[in-house]
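Colleague: Please see the structure below; I have some questions.
The values are calculated or read from the model by the stated rules, or taken from the named source; none is laboratory data. These figures come from a predicted structure and were not determined experimentally. Glycine also receives a Cβ, built like all others from the backbone with ideal geometry; neighbour counts cover every protein chain displayed. Just so you know, the surface numbers come from the protein's heavy atoms only, side chains and all, with ligands and any DNA or RNA stripped out. Shrake-Rupley method; radii C 1.70, N 1.55, O 1.52, S 1.80 Å.
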Amino acid sequence: QVQLVESGGGLVQPGGSLRLSCAASGIILSRNAMGWYRQAPGKQRELVGTITSGGNTNYADSVKGRFTISRDNAKNTVYLQMNSLKPEDAALYYCNVKGVAGIIPYDYWGQGTQVTVSS
């Protein structure tokens with residue numbers, strides 16, 4: 001029922017930009033907080049940034065000023081705009097929605113989209 005589908009990853013040169021999308025079905029993103037995460041091989045999964053149900057965003061220091069999270073409520077889609085990409089940004093990027101439906105917790109993840117930053 002609930003599905004998060006990331007897209008927009010690909011190969012980009014250092015300094016380039018990508019916009020990742022997280023399209024949701026079965027859940028209303030505007031009623032939830034969500035996060036973008038990334039994981040590079042051999043490294044811990046890292047929280048990139050979050051957006052609250054009210055639209056407030058926060059970012060990891062490593063991406064602050066370069067990445068922007070936004071939401072299109074009409075499309076029920078959250079975006080991660082990535083600018084000035086660096087090789088260390090290369091990772092598998094995931095979107096995640098956590099919350100509680102009444103007393104039932106939920107924790108949904110997308111399948112991930114690969115971002116490669118290389119010249």
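Colleague: Output the relative contact order of the chain, whole-number percent, from Cα pairs under 8 angstrom with separation of 6+ residues. Display every interim value, and only then the final one.
Modeller: Working: 295 pairs, mean separation 42.3, N = 119.
Once normalised by length, the contact order is 36 percent.
Colleague: Here's another thing I want to ask about it. Can you give the convex hull volume per residue for the Cα atoms of region 56-119, as a whole number of Å³?
Modeller: Given the Cα convex hull of region 56-119, per-residue volume reads 123 Å³.
Colleague: 7 Å from Cα along Cα→Cβ at both ASN56 and GLN114: what's the point-to-point distance in nm?
Modeller: Result: 3.8 nm between the two label points.
Colleague: In whole Å, what is the distance between the alpha-carbon centres of region 1-66 and region 71-94?
Modeller: Between the Cα centre of region 1-66 and that of region 71-94, the gap is 5 Å.
Colleague: With +1 on each Lys and Arg Cβ and -1 on each Asp and Glu Cβ, how big is the dipole of region 16-119 about its Cα centre, in debye rounded to the nearest 20?
Modeller: 100 debye
Colleague: Could you tell me whether the chain comes out rounded, prolate or oblate from its Cα gyration tensor? Rule is a ≥ b ≥ c as square roots of the eigenvalues, rounded for a/c under 1.5, then prolate if a/b exceeds b/c, otherwise oblate.
Modeller: Since a/c reaches 1.5 and a/b is larger than b/c, the shape of the chain is classed as prolate.
Colleague: Still on this model: Within the chain, what whole-number % of the accessible surface is contributed by carbon and sulfur, with the 1.4 Å probe and all protein chains included in the calculation?
Modeller: Exposed carbon and sulfur together represent 49 percent of the surface.
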